[in-house]
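Beneath this line is the structure, given in structure tokens, with notes to follow.
Only the coordinates and a few stated rules stand behind these numbers; no lab work does. Here the structure is a predicted model, which is why all the values come from computation and not from measurement. Ideal geometry is used to build each Cβ from the backbone, glycine not excepted, and the neighbour counts take in all protein chains shown.
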């Protein structure tokens, strides 16, 4: 799946920024860590020093709903490049600086997270 397909998948699953809380972002960060570590171990990223940054820049509405969020990735030769961004205009970006080899683990984590979010919303609506 590529970036555009991942954005479409988010919409197809019926998700929007209104569904995302700070806790949900934490789940995404955990999944990003997992997928980046797997890709580094498998040598599928351009360098084997990629890791998620601890820095998260996010803004929430007073009710806790996401307005914008920027997650970053580091390596031995750069710090805090965009990994995934939830922009204020509802555009979701995936490492615009990177080639497909470096982007794929991020997209894979995002897709796993979208599935998680969709399941959570389904469970909430059943209650």
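Specify the angular offset, from 0 to 90 degrees and rounded to the nearest 10, of the alpha carbon long axis of helix 3-12 from the longest principal axis of the alpha carbons in the chain.
20 degrees
Based only on Cα atoms, what mean projected area does the convex hull of region 3-121 have, in nm²? Don't skip to the end; give the middle numbers.
On the way: hull surface 27.5 nm².
Averaged projected hull area, Cα only: 6.9 nm².
Could you rank the peptides 90-97, 54-61, 6-13, 103-110 by their average count of other C-beta atoms within 10 Å per residue, with the highest value first?
Result, highest mean Cβ count within 10 Å first: 103-110, 6-13, 90-97, 54-61.
Running a GNM on the chain with Cα contacts under 10 Å, which residue among 31, 71, 15 ends up with the highest mean-square fluctuation?
In the Gaussian network model the winner is 15.
Taking the alpha-carbon centroid of each part, what is the distance from region 103-127 to region 68-102 in angstrom?
What the calculation gives is 19 Å, centre to centre.
Helix 100-126 versus the longest principal axis of the chain: what angle, 0 to 90°, nearest 10, using Cα atoms?
Taking Cα atoms only, the helix is inclined about 20 degrees.
Over region 3-121, what is the relative contact order in whole percent, taking alpha-carbon pairs under 8 Å and six or more residues apart? Working shown, then result.
Numbers: 179 pairs, mean separation 34.4, N = 119.
So the answer I get is 29 percent.
What do you get for the angle between helix 22-41 and the principal long axis of the chain? Use alpha-carbon atoms, 0 to 90 degrees, nearest ten.
Once rounded, the angle reads 30 degrees.
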